[in-house]
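Trainee: This is the structure I want to talk about, given as C-alpha cells.
Bear in mind these aren't lab numbers, they're just calculated from the coordinates by the rules spelled out. Values in this document were obtained by computation on a predicted structure and should not be read as measured data. In this analysis, Cβ positions are derived from the backbone assuming ideal geometry, glycine residues included, and neighbour counts consider all displayed protein chains.
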Amino acid sequence: MATKARPEVKVDLGGKVRVMKFDLNAMAEYEELTGKNILSRFNTKNMGARELRALLFACLSGDDETLTLKDVGSWVTPATMNEISSALTDAFSASVPESEGKKGRPLPKMPPLLSQ
C-alpha cells in the first residue's frame with residue numbers, strides 16, 4: 001500500500017514484484033507517449049488500450065528502465081485488470097496531497113478502470 005511519504009505501490013507483474021509510482025516523471029512519460037496532457041484530462045474510464053498501456057508503462061518505468069511498452073502490454077489481461085486497476089488507483093491516490101483541513105476545492109479522484 002502506498003503512503004503520502006512513500007507514494008509507490010508494489011504489484012506482481014511479469015513474474016516479478018514491480019514498483020509503480022505516479023510521479024511527475026510518470027506524468028511526463030505518459031504525455032510524451034500519448035501527446036495528451038494528463039493534468040488537464042485525467043479520466044481513465046474513457047482511456048483506450050494504448051493510453052492505458054502508456055499510463056501503466058509510465059508508472060512502472062521509473063523502477064525498471066529496461067521495460068518496453070510491449071512488455072507492459074503483455075501483462076494486462078482481463079484476469080489481471082482488477083489488480084492493475086487497484087494498484088494504479090493506489091499510486092494515484094498516494095501522489096495527490098491531502099488538502100489542509102479539507103478546505104477549498106476537493107482533489108480529483110481517479111475513476112475505476114473497470115465499469116462496475
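Trainee: What is the spin-label model distance, in nm, from residue 74 to residue 25 if the labels are put 7 Å beyond Cα along the C-beta direction?
Mentor: Taking the simple label geometry, residue 74 and residue 25 are separated by 2.4 nm.
Trainee: Which of rounded, prolate, oblate describes segment 14-96, given a ≥ b ≥ c as roots of the alpha-carbon gyration tensor eigenvalues and a/c under 1.5 marking rounded, otherwise prolate only if a/b is larger than b/c?
Mentor: Note, shape of segment 14-96 comes out rounded.
Trainee: 5 Å is the cut-off here: which amide hydrogens, built 1.01 Å from N in the peptide plane, fall below it relative to residue 20, excluding neighbours closer than 5 in sequence?
Mentor: Long-range HN contacts for residue 20: 9, 10, 11.
Trainee: Just grab the label-to-label distance for residue 50 and residue 37, each label 7 Å out from Cα along the Cβ direction, in nm (one decimal).
Mentor: The modelled label-to-label distance comes out at 2.1 nm.
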